[in-house]
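Take a look at the structure below.
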Amino acid sequence: MLLFFDRWDCPYCERALREFLVPMATGEDWRARAIYRQVEIDAATPLVDFAGAATTHRDFAQRHRIELTPTIFVVDAAGAPLGKPLV
C-alpha cells in the first residue's frame with residue numbers, strides 16, 4: 001500500500017498528485033500493483049487504521065511521525081513499513 005501524506009496548502013503535493021500519483025493509480029500497469037491512499041495531515045477526517053480502530057487523518061499522520069509534505073510511505077497489509085518514507 002502506498003500512503004501519500006499531504007496537506008491542503010502544499011503546492012508540491014498537488015504537483016506530485018497531478019504528475020505522478022494519479023497517473024500511477026489510474027494506469028493499468030500500476031493500478032494492480034498497489035493500493036493508493038491519501039492522508040491529509042491537517043484534516044480531522046475520520047479514518048480506520050490498520051488495527052481497525054477509528055482515528056483521524058491528523059492523528060494517523062502524527063502517530064507515524066509525518067511532519068513534512070509531501071511524504072510517501074509504503075507499507076504492507078498490516079501497516080508495517082516496507083522502507084523509509086520518501087519526503
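Some points to look at:
- Among the GluC sites (Glu not before Pro) found in region 1-83, those both in a DSSP coil and sparsely packed, with 12 or fewer other Cβ atoms within 10 Å of their Cβ, are Glu67.
- Each of Lys84 and Glu19 was given a label point 7 Å from its Cα along the Cα-to-Cβ line. The distance between the two points is 2.3 nm.
- Normalised by 2.2 N^0.38 Å, where N counts its residues, the alpha-carbon radius of gyration of region 35-82 equals 1.07.
- Stretch in the chain that is longest and holds no trypsin sites (Lys or Arg not before Pro) that DSSP places in a loop and that have at most 15 other beta carbons within 10 Å: 1-32
- Gyration tensor verdict on region 1-49 (Cα atoms; rounded if a/c is under 1.5, prolate if a/b is larger than b/c, oblate otherwise): oblate
- Whether the chain is rounded, prolate or oblate, judged on the alpha carbon gyration tensor where a/c under 1.5 counts as rounded: oblate
- Among the protein heavy atoms, those of Tyr36 account for about 40 Å² of accessible surface (1.4 Å probe, every chain in place).
- Per-residue extension of 0.36 nm, minus the Cα-Cα distance of Ala34 and Val74, leaves a gain of 13.5 nm for this segment.
- For region 38-87, the list of chymotrypsin sites (Phe, Trp or Tyr not before Pro) that fall in a loop by DSSP and count at most 14 other C-beta atoms within 10 angstrom reads Phe50.
The values are calculated or read from the model by the stated rules, or taken from the named source; none is laboratory data. Small disclaimer: the values here were computed from a predicted structure and weren't measured. We place every Cβ from the backbone using ideal geometry, glycine too, and count neighbours over all the protein chains shown. SASA here: full protein model, heavy atoms, side chains in, ligands and nucleic acids out. Shrake-Rupley method; radii C 1.70, N 1.55, O 1.52, S 1.80 Å.
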